[in-house]
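Below is one structure, written out as structure tokens, with a few remarks after it.
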Amino acid sequence: MVSKTVDIDFLKEKARQCRREILEIIFEAGSGHPGGSLSSVEILIALYYYKMNHDPSKPDWPLRDRFIMSKGHACSAAYVTLADCGYFPKEELKTFRKLNSRLQGHIYAGVPGVELSTGSLGHGLSVANGIALGARICNVNFNIYCLLGDGEIQEGSIWEAAMTAGHHKLDNVCAILDYNKVQQNGPVPEIKNEEPVLDKWKDFGWHAVEVDGHNFNELIKALDEFDTVKGKPTFIKANTVKGKGVSFMEGQSKWHGKAPKREELEAALKELGF
Amino acid sequence: MPEMKATRDGFGEALLELGRENKKIVVLSGDLEDSTRAEYFKKEFPERFFNLGIAEQDVLGTAVGMSMDGLIPFACSFAVFLTNRAYDILRISVCYNNRNVKLIGSHGGLTVGPDGATAQCLEDFAITRVLPNLKVICPADAVEAKKATRMMAEVRGPAYMRLSRPPFPVITKESDEFILGRANVMREGRDITVIACGLMVYEALQAAEILKKENIETKVINMHTIKPIDREIVIKSAQETGAIVTAEEHQINGGLGSAVAEVLARNFPVPVEMVAVNDTFGESGESEELLEKYHLKDIDIVDAVKRVIARKKKG
């Protein structure tokens, strides 16, 4: 495994631009999910600009790495990342959540670069496993990354899938938990405590590590480590902040699913240095 | 007396044949492959078979993932678990994503028998036929189940087939044509049409014999595809016979009878009577005892025919 050269400053700037566009398209739409989108930005940027083998000009390239966004409500982060990569024109981002748009309110497989439509939580990990098992049967090699929400892992189907990946030793599956610790009606630990999260996944047969989900060095280290772990799937608990980058949104459950007003957007962009 | 064979056996044989012919066929099971007969495939192709344990949501989701690079997954369990239990996965991951996943739900209907109400699936037609993209099939016998299995593998997109546990009479021939969405006329008659699916097609044919003795000529239609329903034959039969009786091993609400009534209401309304389970759960008992107690026998179809003919005459 030859490790790629990393320009952390480049990734940081991509993340800053990504945050701006997330806020802009949610503002333009008048609705959306800023909290859990902003928390997942560095994870997406690390995947699309560092880790994944993919080619925006060939979204169906059979050997591409797959990304499954199981927390489908965070689609704004995926849409702006895919558009920035060149999967579809940036102009189209304005149509987010509007009638006749491909950019549906929860991530939609009709968008170039999107593998699976989700929105109802708890679906993505089983699908990721299925892709991995299919690749094993067909003897092709690529990786499958699956982004999970911390509220989402309260769904039982996630644990069915976690058990399957462990049992079948799916070492080309990497689940990344956007652990922002806030769900729609309050803090995760108060609603249904998930700790010790890492131990749960280890017990299910996973290689499980914890990183700062806003720190590219840590994310990259964990993603590279995934390549070296054989015989078990990898789980990355990415500690994040809901609404990261906008002080008045950070850690606030009320920003799970609402759009900023114009003055709020302006204040947010100012904070991000725009 | 015709040969007796369960539709699940017909499926199991066809799946094995398909496995031999096409390496893209893969099979997933919720630990019921002995019951669904997917085990015939498992024994010959263990590398393409996955028992994912008692986790129907995971079975369907994993099947979706396997379909994404050209494999053709058959997801097999009891009808109750595959449809009712895993419904949200069926709705979003399978149907909304329009994945090429084949669902096989065995042990449909009351004829599961002594296992009782929790295992007797009586809602699957209702909840599957409302889902966009999904095809819904219930073969009349084991021979038809084999053809339906092969057809499911050929036709792109998600499809659900309900199978039954007990052996029942084989009433179709190997040479009969089987086309998805096109019903088969089993018997012509000018006085009344009975539209049935699954083992109720046999009961309908028996009913037609009884009615013949009373000079009532019954047309019997085998509606093996519940969705997309064969609208043409439903409308044509209503025009020709002026009344319809439906017969299914399913709740009276939302199933084949409802599907037929929807077509008629919009196109050519005629009196309809429905032979089905009357909005109640089942219970333990032998298949035949249950069919009798819950009024799903030939004599129940005969009664329904007489009722509907009386309504037609009142007109």
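Which ³J(HN,Hα) values, rounded to whole Hz and listed in residue order, are derived for the stretch B:54-62 from phi using the Karplus coefficients 6.51, -1.76 and 1.60 in 6.51 cos²θ - 1.76 cosθ + 1.60 with θ = phi - 60°, glycine and proline given as x?
Once θ is set to phi - 60°, the couplings for the stretch B:54-62 become 7, 7, 5, 4, 5, 4, 5, x, 5 Hz.
Give me, ordered by chain and number, the residues 5 or more places off B:Val194 or on other chains with an amide H under 5 Å from its own placed amide H.
B:Lys219, B:Val220, B:Ile221, B:Val245
Considering the options B:Ala259, B:Gly30, B:Phe50, tell which one lies farthest towards the positive end of the dipole of the protein assembly as shown, charges being +1 on Lys and Arg and -1 on Asp and Glu at the Cβ, about the Cα centre.
Sorting the options by dipole projection puts first B:Ala259.
If you put +1 on each Lys and Arg Cβ and -1 on each Asp and Glu Cβ, how big is the dipole of the stretch A:176-237 around its Cα centre, in Debye rounded to 20?
It comes to approximately 180 debye.
Classify the protein assembly as shown as rounded, prolate or oblate from the Cα gyration tensor: take a ≥ b ≥ c as the square roots of its eigenvalues, call it rounded if a/c is under 1.5, otherwise prolate when a/b beats b/c and oblate if not.
Cα axes put the protein assembly as shown in the prolate bin.
Mean residue ellipticity at 222 nm from the helices of chain B, using -39,500 (n - 2.57) per DSSP H segment of n ≥ 4 over the full residue count, to the nearest 500 deg cm²/dmol?
-11000 deg cm²/dmol
Using helices alone, what [θ] at 222 nm do you get for chain A, with -39,500 (n - 2.57) per DSSP H run of 4 or more residues, divided over all residues and rounded to the nearest 500?
The helix-only estimate for chain A comes to -11500 deg cm²/dmol at 222 nm.
Quick check for me: using +1 on Lys/Arg Cβ and -1 on Asp/Glu Cβ, what's the dipole size of chain B about its Cα centre, in debye to the nearest 20?
Rounded to the nearest 20 debye, it is 1100 debye.
Quick one: which residues, 5 or more positions from B:His250 or on another chain, have an amide H under 5 Å from its amide H? H modelled 1.01 Å from N in the peptide plane, none for Pro or chain starts.
B:Val277
Which angle between 0 and 90 degrees, to the nearest 10, do you get for helix B:298-314 versus the longest principal axis of chain B when only C-alpha atoms count?
Roughly 50 degrees between the two axes.
For a test of the definition: using alpha carbon positions, the gyration tensor, and the 1.5 limit on a/c, classify the stretch A:53-160 as rounded, prolate or oblate.
oblate
Filter the trypsin sites (Lys or Arg not before Pro) in the stretch B:109-184 to those in DSSP coil with at most 13 other Cβ atoms within 10 Å of their Cβ, and list the result.
B:Arg156, B:Lys173
Using θ = phi - 60° and the Karplus curve 6.51 cos²θ - 1.76 cosθ + 1.60, what whole-Hz ³J(HN,Hα) does each residue of the stretch B:68-83 get, with Gly and Pro shown as x?
So the J values, rounded to whole Hz, are 6, 10, x, 6, 10, x, 9, 9, 10, 6, 6, 4, 4, 6, 5, 9.
Rounded to the nearest 0.05, what FRET efficiency do B:Met1 and A:Leu63 have when you use their Cβ-Cβ distance and R0 = 56 Å?
FRET efficiency, B:Met1 to A:Leu63: 0.45.
Multiplying the sequence separation of B:Lys293 and B:Glu177 by 0.36 nm and subtracting their Cα-Cα distance, what value in nm do you get?
Result for the pair: 38.3 nm of gain on full extension.
Which cysteines in chain B lack any other cysteine whose Cβ sits under 4.7 Å from their own Cβ?
Here B:Cys76, B:Cys95, B:Cys121 come out as lacking a disulfide-compatible partner, given the Cβ-Cβ threshold of under 4.7 Å.
Express in whole angstrom the spacing between the alpha-carbon centres of the stretch A:120-174 and the stretch A:217-274.
Here the two parts' Cα centres lie 22 Å apart.
With charges only on Cβ, +1 for K and R and -1 for D and E, what is the dipole size of the protein assembly as shown about its Cα centre, in debye, rounded to 20?
For the protein assembly as shown, the charge dipole is close to 1380 debye.
So how do B:Val245, A:Val188 line up by other beta-carbon neighbours within 10 Å, fewest first?
A:Val188, B:Val245
Counting partner chain Cβ atoms within 10 Å of every residue's Cβ in B:93-101, what's the average?
Mean partner-chain Cβ count within 10 Å for B:93-101: 4.
Grab the other residues whose beta carbon is less than 11 angstrom from that of B:Thr62, score K and R as +1, D and E as -1, and report the net.
Summing Lys/Arg as +1 and Asp/Glu as -1 gives -3.
Say the cut-off is 21 Å between C-alpha atoms; which of A:Lys51/A:Lys237; A:Lys200/A:Lys242; A:Lys58/A:Lys90 go over it?
Checking Cα-Cα distances, A:Lys200/A:Lys242 exceed 21 Å.
Just want the answer: with Cβ charges of +1 for Lys and Arg and -1 for Asp and Glu, which residue in A:Leu125, B:Ala243, B:Ile195 is farthest toward the dipole's positive end in the protein assembly as shown?
It is B:Ala243, whose Cα lies furthest towards the positive end.
Please give, to one decimal in nm, the separation of the simple spin-label points placed at A:Lys90 and A:Gln252, each 7 Å out from Cα toward the Cβ.
The answer from the label model is 2.8 nm.
³J(HN,Hα) across the stretch B:20-26 via Karplus (A = 6.51, B = -1.76, C = 1.60, θ = phi - 60°), whole Hz, x for Gly/Pro?
My calculation for the stretch B:20-26 gives 6, 7, 9, 5, 7, 6, 10 Hz in order.
Can you list the residues, at least 5 places off or on another chain, whose amide H is less than 5 Å from the amide H of B:Ile72, using H built in the peptide plane?
Excluding prolines and chain starts, which carry no amide H, the hits are B:Ile25, B:Val26.
Using a 7 Å offset from the Cα along the Cα-to-Cβ direction at both B:Arg266 and B:Phe281, what is the distance between the two label points in nm, to one decimal?
Calculated label separation equals 3.4 nm.
Between the stretch A:65-115 and the stretch B:245-278, how far is it from one alpha carbon centroid to the other, in angstrom?
42
Say R0 is 45 Å: what FRET efficiency, to the nearest 0.05, do A:His167 and A:Ile8 get from their beta-carbon distance?
0.75
Peptide A:167-173: average number of partner chain Cβ atoms within 10 Å per residue?
Counting other chains' Cβ atoms within 10 Å and averaging over A:167-173 gives 1.
By its C-alpha gyration tensor, with a ≥ b ≥ c as the square roots of the eigenvalues, how is the stretch B:4-169 shaped: rounded for a/c under 1.5, else prolate for a/b larger than b/c, else oblate?
Because its axes are fairly even, with a/c under 1.5, the stretch B:4-169 counts as rounded.
Values quoted throughout were computed directly from the atomic coordinates according to the rules given, and no laboratory measurement underlies them. Owing to the predicted nature of the structure, the values given are computational and were not obtained by experimental measurement. Every residue, glycine among them, receives a Cβ derived from its backbone with ideal geometry; neighbour counts consider all protein chains shown.
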